[in-house]
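Have a look at the structure below before the remarks.
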Amino acid sequence: MTRVLILYYSSYGHIETMAAAVAEGVNAGGAEAVVKRVPETAPAEVAAAAHFKTDQAAPVCTVEELVDYDAIIFGVPTRYGRLPSQMAAFLDQTGGLWARGALNGKVGSAFVSTATQHGGQETTLFSLITNMLHLGMVVSGLPYSFQGQMRLDEITGASPYGATTIAGSKGERQPSDNELDGARHQGELVAKLAAKLAA
């Protein structure tokens with residue numbers, strides 16, 4: 001069976017929630033979804049003072065585990081339109097995998113969150129996509145087969161480059177039904193693409 005890793009970092013739980021929806025889509029696409037997170041690098045006192053959600057159920061992933069999957073879907077919140085340091089530190093350790101081409105041909109995809117509508121969703125997606133391309137991965141986005149990204153009747157995330165959610169400046173907004181549907185759609189597409197490439 002095709003195996004898909006959903007690898008995320010989530011400070012306040014928004015990306016954790018999106019990761020669960022992505023996993024639902026992966027399973028609906030006929031693959032096995034495995035949800036893991038990257039290690040927290042902020043000191044414990046800093047995380048506590050900022051009210052980070054540290055009680056997340058997903059186990060922490062190691063770099064070497066990445067080779068065990070047919071596809072990897074990365075999820076992060078934005079930090080000034082780019083990756084947060086936690087995911088960047090994790091990806092910075094993949095040099096050995098890059099050197100031996102261990103991820104060449106695997107499917108890669110991404111989903112993100114921002115505090116505001118125009119807070120760097122697409123640049124954050126592209127900062128992940130750049131890493132995937134360097135690692136030799138085949139990149140999949142969120143095509144317009146997900147019609148929810150065409151909606152004008154509500155404020156919503158979503159991009160052809162990947163599923164997104166808007167968290168609010170104080171983290172007060174949770175992923176909407178439409179945003180979660182986009183995440184599921186993306187997970188299902190990645191699962192089906194990975195199965196085709198593995199055949």
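With respect to the conditions (1) in a loop (DSSP other than H, G, I, E, B); (2) of a type in the set (Gly, Ala, Ser); (3) within 30 Å of Ala102 (Cβ to Cβ), Ser145 lacks only one, and its number is (3). Taking the numbered list (1) farther than 17 Å from Ile15 by Cβ; (2) part of a loop (DSSP other than H, G, I, E, B) in turn, Thr130 passes all entries but (2).
Per the listing Leu142, Leu128, Leu83, Leu152, the residue uniquely hydrophobic (A, V, I, L, M, F, W, C), over 28 Å from Ala42 (Cβ atoms) and crowded, with 22+ Cβ neighbours inside 10 Å is Leu142. Looking across Ala57, Ala47, Ala20, one residue alone is within 25 Å of Glu179 (Cα to Cα), without any contact (Cβ under 8 Å) to a residue 60 or more places away in the chain and assigned to a helix (DSSP H, G or I). It is Ala20.
Restricting attention to the stretch 151-199, the residues that are over 18 Å from the mean Cα position of the chain (by Cα), among the charged types (D, E, K, R) and part of a helix (DSSP H, G or I) add up to 1. Considering the stretch 70-96, the residues that are touching a residue at least 24 places away in the same chain (Cβ under 8 Å) and assigned to a loop (DSSP other than H, G, I, E, B) include one that is farthest from Val138 (Cα to Cα), namely Tyr80.
Being touching a strand residue (DSSP E or B) at 6+ places or on another chain (Cβ under 8 Å), outside any loop (DSSP other than H, G, I, E, B) and touching a residue at least 60 places away in the same chain (Cβ under 8 Å) is the filter here, so list the residues in the stretch 28-44 that pass it. Answer for the stretch 28-44, where residues must be touching a strand residue (DSSP E or B) at 6+ places or on another chain (Cβ under 8 Å), outside any loop (DSSP other than H, G, I, E, B) and touching a residue at least 60 places away in the same chain (Cβ under 8 Å): just Ala33.
Where a number appears in this text, it was derived from the coordinates with a stated rule and is not lab data. Predicted, not measured: the structure shown is a model, and the values here were computed from it. No Cβ is skipped: glycine too gets one built from the backbone with ideal geometry, and neighbour counts run over all protein chains shown.
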